[in-house]
Amino acid sequence: MTLPKIAVLTGAGVSAGSGVPTFRDAGGLWREFRAQDLATPQAFRRDPRLVWEFYDWRRQRIAGCAPNPAHQTLAEMEADLPGFKLVTQNVDGLHTLAGNRRALYLHGDIWQVRCIACDYRAENRQVPLDPLPPLCPRCGALLRPGVVWFGEPLNGAILHQAMRAFAEADIALIVGTSALVYPAADLPFQTTQRGGVLYEFNTERTALSDVAAAVWLGPCETTLPQWWADFRRTLA
Ligand code: BV8
Ligand code: ZN
């Protein structure tokens, strides 16, 4: 029996069970700012210190978080299914920590920093950051978080691989995303337009729920492991 090709898109909801604030929470909870107003090049140009305080706060929160059963299930699926592709909107790195080796990070990595003036880039896991904002060790200019901000283009090669993964998938799993951010939110339609099936795992219905063949309402750290345990039995 040929194993199905499964493509997965995750959002902040897959890390909620690990204690990482989602954008909707972080947006509301971080002082009086909305995440969306800080995750932009304009905000960084206007007040790099404030934007770095926001990222430093998130880095400190994430540093104390471990992968949850939803992350672990996605690592198992990658090991068991040759045609498995994981695409994430998250920048927290928990999929890699859980054991996924080939996750596509659409929006970058909060643990990467890069210089705004030269081509210096590096992993930086210092929490809290000191000095803040961090400066380029090579040219002294400001460093920025290695993430994709609103209004910035995604890495073309990564986006192309993600589009292909969903175009080729028999099954697309949409896990813990409000499906409001583009072009990520377009990916599931690559699957349904080619006759593939969509399953959604979320604590609430979203814009994608109407095109999903089934919606598992509940915390994905519970519903996704359950689904995988049942589904893998049908593959035996
Ligand atoms: C681009 C990295 C083009 C940073 C992120 C007007 C002006 C400018 C741009 C636009 C515009 N209108 C539209 C756009 C495009 C824009 C966009 O989509 N805006 C939206 C708001 C309408 N997109 C962009 O700007 C993208 N770039 O289009 O470039 C271009 C081309 C060429 C040249 C120049 C430009 C870039 C988008 C990437 C932005 N960066 N992150 C950082 O993280 O700091 S996006 C960020 O927000 C996250 O990465 C994530 O993608 C998104 C939040 O979404 P979710 O992950 O879904 O999280 P959210 O909190 O919303 O939802 C959580 C969900 O989980 C909920 O549904 C909840 O119910 C559920 N949940 C909670 N707990 C659980 C759970 N589910 C299951 N179990 C649980 N336990
Ligand atoms: Zn530099």
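The values are calculated or read from the model by the stated rules, or taken from the named source; none is laboratory data. The shown structure was predicted, so the numbers you read here are calculated from the model rather than taken from an experiment. Cβ sites come from the backbone with ideal geometry, for glycine too, and all protein chains shown count toward neighbours. Please note that ligands, DNA and RNA were not included when accessible areas were found on the heavy atoms of the full protein model with its side chains. Shrake-Rupley method; radii C 1.70, N 1.55, O 1.52, S 1.80 Å.
DSSP finds beta bridges in the range 129-236, and of those with both partners inside it, around 10 percent are antiparallel. Couplings 3J(HN,Hα) of the range 175-188, computed from phi: 10, x, 9, 6, 6, 10, 9, 9, x, 4, 5, 7, 4, x Hz, in residue order, whole Hz [Karplus 6.51 cos²θ - 1.76 cosθ + 1.60, θ = phi - 60°; x for Gly and Pro].
Taking the DSSP beta bridges in the chain as the whole, what percent of them are antiparallel, to the nearest 5? Show your work: numbers first, answer last.
Details: 8 of 29 bridges.
Taking every DSSP beta bridge with both residues in the chain, the antiparallel ones total about 30 percent.
What FRET efficiency comes out for the pair Arg24/Met1, r = Cβ-Cβ distance, R0 = 41 Å, nearest 0.05? Don't skip to the answer; put the middle values down first.
Working: r = 40 Å, r/R0 = 0.98.
According to the calculation, E is roughly 0.50.
Taking amide H positions as modeled 1.01 Å from N, with prolines and chain starts lacking one, the residues under 5 Å from Val147 and 5 or more places away or on another chain are Asp109. Three principal axis extents of the range 116-209 based on alpha-carbon atoms, in descending order, are 52, 29, 22 Å. Dividing the summed helix terms, -39500 (n - 2.57) for each DSSP H run of n ≥ 4, by the number of residues in the chain produces a 222 nm estimate of -10500 deg cm²/dmol to the nearest 500. On the beta carbon distance between Glu204 and Ala122, with R0 = 30 Å, the FRET formula returns roughly 0.20.
Whole number please: convex hull volume per residue of the Cα set in the chain, in Å³? Walk me through the numbers on the way to the answer.
Numbers: hull volume 28.3 nm³, N = 236.
Residue-normalised Cα hull volume stands at 120 Å³.
Largest first, the extents of the alpha carbon coordinates of the range 1-103 on the three principal axes equal 56, 25, 19 Å.
If you sort Ser178, Ser15 by accessible surface, 1.4 Å probe, largest first, the order is Ser178, Ser15.
If only the Cβ of Lys and Arg carry +1 and only the Cβ of Asp and Glu carry -1, the dipole of the range 66-217 around its Cα centre is close to 420 debye. Relative to its residue count, the range 74-142 spans a Cα convex hull of 100 Å³ per residue. Solvent-accessible surface (1.4 Å probe) assigned to Asp109 amounts to roughly 40 Å². Look at where the Cα atoms of the range 168-206 and of the range 130-144 average out, and the two centres are 38 Å apart.
Over the range 96-229, what percent of the accessible surface lies on carbon and sulfur atoms, probe 1.4 Å? Summing carbon and sulfur atoms, their accessible area is 52 percent of the total for the range 96-229.
The heavy atoms of Arg194 offer some 140 square angstrom of accessible surface to a 1.4 angstrom probe. The rule of thumb for compact globular proteins, 2.2 N^0.38 Å, goes into the C-alpha radius of gyration of the range 65-183 1.20 times.
With a 1.4 Å probe and all protein chains left in place, how much accessible area per residue does the range 13-114 have, in Å²?
Numbers: 4310 Å² over 102 residues.
The answer is 42 Å² per residue.
Under 20 Å from a label point set 7 Å out along the Cα-to-Cβ vector of Arg61, the amide N atoms of the range 71-109 belong to 71, 88-98, 106-109.
Measuring with a 1.4 angstrom probe and ignoring ligands and nucleic acids, Trp57 comes out at about 60 Å² accessible. Largest mean-square fluctuation among Ile62, Ile174, Ile116, in a Gaussian network model of the chain whose springs join Cα atoms under 10 Å apart, belongs to Ile116.
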